[in-house]
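Here the structure comes first, spelled out in structure tokens, and everything after it is commentary.
Just so it is clear, none of the values below were taken in a lab; they were calculated from the coordinates. Small disclaimer: the values here were computed from a predicted structure and weren't measured. In this analysis, Cβ positions are derived from the backbone assuming ideal geometry, glycine residues included, and neighbour counts consider all displayed protein chains.
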Amino acid sequence: MTDAGAGFGLYIHWPFCLSKCPYCDFNSHVRAKIDADAWQAAMLRELQTLSLRLDTKPKLQSIFFGGGTPSLMPGRIVEALLNEAERIFGFAPDIEITLEANPTSVDAGRFRDYRAAGVNRVSLGVQALNDKDLRALGRLHTVDEAMRAVTLAQATFPRASFDLIYARPGQTKDAWAAELDQALAQGCTHHSLYQLTFEEGTPFYAALQRGTMTETDADTAAELYELTQARMNAAGQPAYEISNHAKPGEESRHNLIYWRYGDYLGIGPGAHGRITAGGKRIATSTIRAPEAWLARVNAEGAGLDRFDEVTTEEQGTEALLMGLRLSEGIDVAPIEQKLHRPLARVSALESQGLVTLTAGRLRATPRGRLVLNAVLKQLAA
């Protein structure tokens with residue numbers, strides 16, 4: 001089911017943060033001290049080891065440093081990883097190399113090193129544009145720091161994006177509209193705009209269960225979503241994916257590899273991948289705990305805890321779940337071929353105004369995107 005035309009990417013996970021945000025369920029950890037030499041050696045070794053498992057070594061179209069907080073990485077580690085990735089795979093002429101960053105001054109100070117290493121796109125975790133909500137979200141920066149970091153990122157890198165979270169407790173439509181306007185005024189050509197979710201295992205989830213926090217009700221959340229679409233469409237940055245908005249041509253190429261179901265190699269603690277090995281589609285993942293991952297890499301060359309074949313039917317389901325998030329939709333025929341059956345309830349969903357099927361391509365409508373999980377559940381039934 002892999003789409004060779006979707007490109008080939010590399011994901012590198014840096015698991016460390018200065019503090020753990022109470023809404024975050026990503027694989028992130030706080031450590032007082034990190035042995036940078038040991039981490040550089042281990043990440044290089046895992047990259048080398050896993051690259052040997054691939055059937056072919058296509059040129060990289062994208063590299064993404066995620067986390068955690070990759071902007072805590074010493075610039076020399078970023079440089080070493082990029083140099084080794086280029087040696088092993090080669091880079092496409094227009095390769096996109098993204099690094100996630102927090103907009104604190106300590107992180108922003110490393111921007112010049114990252115640019116010199118080859119990073120050409122930065123994604124800033126701004127998350128809110130008022131200081132009270134930033135504190136509530138556990139962020140260590142202020143709005144002023146965030147805006148300075150955005151300006152610095154735009155001056156340092158060819159491309160810059162930043163994230164915001166909406167449907168925060170007590171957030172009004174007017175307040176969110178003002179934040180969107182303030183964000184757009186910064187001039188970035190890509191924005192990731194996520195609805196706050198309460199993930200099991202996080203302090204926010206525990207507070208929700210205790211009743212000390214309340215979740216934005218579904219009707220208000222839907223109104224905020226619709227407001228987001230209208231504001232971003234008017235600004236020339238329509239949603240190309242459920243939560244991601246960009247000017248045409250400024251989409252995240254790396255994330256498009258995921259959503260178009262291309263191949264990508266994942267290294268670092270808790271990284272996932274989808275690769276072609278032994279003529280099969282393989283799902284990979286690595287040990288999440290940083291110290292356990294490090295020990296496994298030192299002992300075996302890679303910190304894998306999963307290297308499993310993805311069955312044909314699973315490939316069809318995964319491609320459906322990923323691809324329908326995109327505004328471009330999915331080509332139905334190859335997915336049905338993998339599933340060995342037609343997609344369920346397409347006509348019914350069409351009649352409800354939730355999807356459209358044109359020339360063999362299925363897309364969620366604006367209404368359908370509001371309830372996409374329910375739509376996908378019916379299609380996959």
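Remarks
- Relative to the globular-protein estimate of 2.2 N^0.38 Å, the Cα radius of gyration of segment 267-381 stands at 1.35.
- The lysine pair count for segment 4-258, using Cα distances under 24 Å and pairs eight or more places apart or on different chains, is 4.
- Taking the DSSP beta bridges with both ends in the chain, the antiparallel portion is around 40 percent.
- Relative intensity of segment 45-188 on a log10 scale, I(q)/I(0) at q = 0.10, 0.11, 0.12 Å⁻¹, equals -0.40, -0.48, -0.56, per a Debye sum over C-alpha point scatterers of equal strength in the absence of solvent.
- Cysteines, the chain, no other Cys beta-carbon under 4.7 Å: 17, 188
- Cα centroid of segment 33-53 to Cα centroid of segment 293-331, whole Å: 21
- Normalised contact order of the chain, rounded percent, pairs of Cα under 8 Å and 6 or more residues apart: 18
- Projected onto planes of every orientation and averaged, the convex hull of the alpha-carbon atoms in segment 325-379 covers 3.5 nm².
- Ellipticity at 222 nm from helices only: DSSP H runs of n ≥ 4 in the chain, each -39500 (n - 2.57), divided by the residue count, give -12000 deg cm²/dmol.
- Rg(Cα)/(2.2 N^0.38 Å) for segment 4-258, N = residue count: 1.03
- Across all directions, the shadow cast by the convex hull of segment 266-315 built on its C-alpha atoms averages 3.4 square nanometres.
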